[in-house]
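A.B. asks: Quick one: the structure is below, questions incoming.
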Amino acid sequence: MNFVKFVVLVALAFALGGCFSLFGGKEEPVDFWQPVLSPDGRYLAYVAKPSGAQVYGLYLLDLEAGVERALVQMGQDVVYPSWSPDGKMLAFIATQEKDNWDLFVVEVESGQVRRLTTDSALDVNPSWASNGMIVFNSNRDGSWGAWAINPDGSGLRKLSFTRAKP
(Lines give C-alpha, C1' and ligand atoms only; values in the text may rest on other atoms or scores of the structure.)
Protein backbone atom coordinates (compact mmCIF):
# COMPACT_ATOMS: atom_id res chain seq x y z
CA MET A 1 0.00 0.00 0.00
CA ASN A 2 2.92 2.38 0.63
CA PHE A 3 3.98 1.97 -3.01
CA VAL A 4 0.49 2.97 -4.18
CA LYS A 5 0.57 6.07 -1.94
CA PHE A 6 3.99 6.98 -3.37
CA VAL A 7 2.76 6.60 -6.95
CA VAL A 8 -0.33 8.71 -6.21
CA LEU A 9 1.82 11.47 -4.68
CA VAL A 10 4.19 11.41 -7.65
CA ALA A 11 1.25 11.53 -10.07
CA LEU A 12 -0.26 14.46 -8.22
CA ALA A 13 3.06 16.28 -8.19
CA PHE A 14 3.42 15.86 -11.96
CA ALA A 15 -0.17 16.88 -12.59
CA LEU A 16 -0.02 19.95 -10.42
CA GLY A 17 3.31 20.89 -11.95
CA GLY A 18 2.14 20.72 -15.53
CA CYS A 19 1.94 17.05 -16.59
CA PHE A 20 5.34 17.02 -18.31
CA SER A 21 5.55 13.23 -18.41
CA LEU A 22 1.93 12.63 -19.42
CA PHE A 23 1.95 14.59 -22.66
CA GLY A 24 5.08 13.30 -24.37
CA GLY A 25 7.85 15.52 -23.02
CA LYS A 26 6.45 19.00 -23.67
CA GLU A 27 5.24 20.62 -20.48
CA GLU A 28 1.64 21.77 -20.90
CA PRO A 29 -0.52 23.35 -18.21
CA VAL A 30 -3.46 21.22 -17.10
CA ASP A 31 -6.19 22.10 -14.64
CA PHE A 32 -6.33 19.02 -12.41
CA TRP A 33 -9.31 18.79 -10.08
CA GLN A 34 -11.35 16.48 -7.88
CA PRO A 35 -9.04 13.44 -7.83
CA VAL A 36 -10.62 10.21 -6.54
CA LEU A 37 -8.78 6.94 -6.04
CA SER A 38 -10.42 3.70 -7.22
CA PRO A 39 -11.43 1.20 -4.51
CA ASP A 40 -8.50 -1.08 -5.41
CA GLY A 41 -6.03 1.84 -5.46
CA ARG A 42 -4.98 1.15 -9.06
CA TYR A 43 -6.64 4.10 -10.82
CA LEU A 44 -6.94 7.81 -10.20
CA ALA A 45 -9.97 9.49 -11.78
CA TYR A 46 -9.95 13.27 -12.04
CA VAL A 47 -11.39 16.25 -13.88
CA ALA A 48 -9.04 18.11 -16.22
CA LYS A 49 -9.00 20.68 -18.98
CA PRO A 50 -5.80 20.21 -21.01
CA SER A 51 -4.32 23.16 -22.82
CA GLY A 52 -6.59 24.17 -25.69
CA ALA A 53 -9.66 22.32 -24.39
CA GLN A 54 -12.86 24.30 -23.96
CA VAL A 55 -14.45 22.19 -21.20
CA TYR A 56 -13.48 19.87 -18.36
CA GLY A 57 -13.45 16.15 -19.08
CA LEU A 58 -13.07 13.05 -16.93
CA TYR A 59 -9.66 11.37 -17.06
CA LEU A 60 -8.26 8.14 -15.71
CA LEU A 61 -4.66 7.51 -14.71
CA ASP A 62 -3.49 3.90 -14.39
CA LEU A 63 -1.11 4.28 -11.47
CA GLU A 64 0.73 1.00 -12.15
CA ALA A 65 1.35 1.62 -15.86
CA GLY A 66 1.58 5.43 -15.62
CA VAL A 67 -0.85 5.77 -18.53
CA GLU A 68 -3.52 8.47 -18.73
CA ARG A 69 -6.65 8.25 -20.85
CA ALA A 70 -9.60 10.52 -21.47
CA LEU A 71 -12.64 8.67 -20.16
CA VAL A 72 -15.46 11.19 -20.80
CA GLN A 73 -15.54 14.22 -23.12
CA MET A 74 -19.09 15.51 -23.59
CA GLY A 75 -18.84 19.00 -25.08
CA GLN A 76 -19.72 20.52 -21.70
CA ASP A 77 -18.07 20.40 -18.28
CA VAL A 78 -17.91 17.04 -16.50
CA VAL A 79 -17.31 17.29 -12.72
CA TYR A 80 -17.50 15.56 -9.32
CA PRO A 81 -16.56 11.93 -10.08
CA SER A 82 -17.36 9.18 -7.56
CA TRP A 83 -16.28 5.52 -7.86
CA SER A 84 -18.70 2.61 -7.58
CA PRO A 85 -17.79 0.21 -4.75
CA ASP A 86 -16.61 -2.43 -7.26
CA GLY A 87 -14.53 0.10 -9.25
CA LYS A 88 -16.33 -0.67 -12.53
CA MET A 89 -18.19 2.64 -12.88
CA LEU A 90 -17.93 6.31 -12.01
CA ALA A 91 -20.83 8.65 -11.30
CA PHE A 92 -20.42 12.32 -12.27
CA ILE A 93 -22.44 15.39 -13.14
CA ALA A 94 -22.57 17.40 -16.35
CA THR A 95 -24.71 20.08 -17.93
CA GLN A 96 -27.02 19.13 -20.76
CA GLU A 97 -29.38 22.07 -20.95
CA LYS A 98 -28.43 25.63 -19.94
CA ASP A 99 -27.82 25.85 -16.18
CA ASN A 100 -29.09 22.31 -15.58
CA TRP A 101 -26.74 19.79 -13.97
CA ASP A 102 -27.71 16.12 -14.29
CA LEU A 103 -26.31 12.85 -13.01
CA PHE A 104 -24.45 10.39 -15.27
CA VAL A 105 -22.49 7.16 -14.93
CA VAL A 106 -19.68 5.83 -17.10
CA GLU A 107 -18.45 2.25 -17.37
CA VAL A 108 -14.70 2.47 -16.85
CA GLU A 109 -13.76 -0.39 -19.19
CA SER A 110 -15.95 0.55 -22.17
CA GLY A 111 -16.33 4.31 -21.66
CA GLN A 112 -20.10 3.95 -22.21
CA VAL A 113 -21.95 6.91 -20.64
CA ARG A 114 -25.51 6.72 -19.33
CA ARG A 115 -27.60 9.72 -18.25
CA LEU A 116 -29.52 8.97 -15.03
CA THR A 117 -31.50 12.16 -14.40
CA THR A 118 -33.31 14.53 -16.76
CA ASP A 119 -35.18 16.79 -14.34
CA SER A 120 -34.88 20.55 -14.86
CA ALA A 121 -33.65 20.82 -11.26
CA LEU A 122 -29.99 20.75 -10.24
CA ASP A 123 -28.66 17.27 -9.40
CA VAL A 124 -25.20 17.60 -7.85
CA ASN A 125 -22.57 16.09 -5.50
CA PRO A 126 -22.89 12.38 -6.33
CA SER A 127 -21.52 9.87 -3.85
CA TRP A 128 -21.62 6.13 -4.40
CA ALA A 129 -22.91 4.18 -1.38
CA SER A 130 -21.65 0.71 -0.46
CA ASN A 131 -25.10 -0.76 -1.29
CA GLY A 132 -24.75 0.34 -4.93
CA MET A 133 -27.04 3.37 -4.76
CA ILE A 134 -25.84 6.80 -5.84
CA VAL A 135 -26.69 9.50 -3.31
CA PHE A 136 -26.81 13.12 -4.49
CA ASN A 137 -28.22 16.57 -3.69
CA SER A 138 -31.12 18.00 -5.67
CA ASN A 139 -33.56 20.86 -5.51
CA ARG A 140 -36.09 18.96 -7.61
CA ASP A 141 -38.98 19.42 -5.18
CA GLY A 142 -38.36 23.12 -4.58
CA SER A 143 -35.88 22.77 -1.71
CA TRP A 144 -32.49 21.11 -1.38
CA GLY A 145 -32.44 17.54 -0.15
CA ALA A 146 -30.62 14.22 -0.35
CA TRP A 147 -31.81 11.81 -3.04
CA ALA A 148 -30.76 8.33 -4.17
CA ILE A 149 -30.93 6.49 -7.48
CA ASN A 150 -29.76 3.12 -8.84
CA PRO A 151 -26.92 3.19 -11.40
CA ASP A 152 -29.39 2.09 -14.11
CA GLY A 153 -31.57 5.17 -13.46
CA SER A 154 -34.33 3.34 -11.59
CA GLY A 155 -35.43 3.68 -7.98
CA LEU A 156 -35.22 7.47 -7.61
CA ARG A 157 -36.28 8.47 -4.10
CA LYS A 158 -35.85 11.30 -1.65
CA LEU A 159 -33.88 10.37 1.46
CA SER A 160 -34.10 13.56 3.51
CA PHE A 161 -37.03 15.46 4.93
CA THR A 162 -37.93 19.08 4.21
CA ARG A 163 -37.17 21.52 6.99
CA ALA A 164 -39.69 24.20 7.87
CA LYS A 165 -38.52 27.62 6.73
CA PRO A 166 -37.89 30.09 9.59
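A.B. asks: Pull up segment 49-62, narrow it to residues that are of a type outside the set (Lys, Arg) and part of a strand (DSSP E or B), then point me to the one that is farthest from residue 100 (Cα to Cα).
C.D. replies: Across segment 49-62, the extreme among qualifying residues is 62.
A.B. asks: Looking at segment 63-72, which of its residues are assigned to a loop (DSSP other than H, G, I, E, B) and buried (at least 16 other Cβ atoms within 10 Å of the Cβ)?
C.D. replies: 63
A.B. asks: If I go through segment 73-90 residue by residue, how many of them are in contact with a Phe, Trp or Tyr (Cβ under 7 Å, 6 or more places away or on another chain) and assigned to a loop (DSSP other than H, G, I, E, B)?
C.D. replies: 3
A.B. asks: For segment 38-79, enumerate the residues that are among the β-branched types (Val, Ile, Thr), out of contact with any strand residue (DSSP E or B) (no Cβ under 6 Å at 6 or more places or on another chain) and under 23 Å from residue 123 (Cβ atoms).
C.D. replies: Listed by number, the list holds a single entry, 55.
A.B. asks: While we're looking at this one, here's another question. I want to confirm something. Restricting to segment 80-100 and keeping residues that are at pLDDT below 95 and surrounded by fewer than 16 Cβ atoms within 10 Å (Cβ to Cβ), which single residue is nearest to residue 123 (Cα to Cα)?
C.D. replies: So the residue we want is 100.
A.B. asks: Now for a different question. Looking for something farther than 24 Å from residue 40 by Cβ, crowded, with 16+ Cβ neighbours inside 10 Å and of a type in the set (A, V, I, L, M) - is there at least one such residue anywhere in segment 125-144?
C.D. replies: no
A.B. asks: Got at least one residue in segment 94-110 being touching a Pro at 6+ places or on another chain (Cβ under 8 Å) and either basic (Lys, Arg) or touching a residue at least 24 places away in the same chain (Cβ under 8 Å) (or both)?
C.D. replies: Yes, there is a match, as at least one residue in segment 94-110 is touching a Pro at 6+ places or on another chain (Cβ under 8 Å) and either basic (Lys, Arg) or touching a residue at least 24 places away in the same chain (Cβ under 8 Å) (or both).
The values are calculated or read from the model by the stated rules, or taken from the named source; none is laboratory data. The model shown is predicted, which means the values in this text are computed figures rather than measured ones. For neighbour counting, all protein chains shown are included, and Cβ atoms are generated from backbone atoms with ideal geometry for every residue, glycine included.
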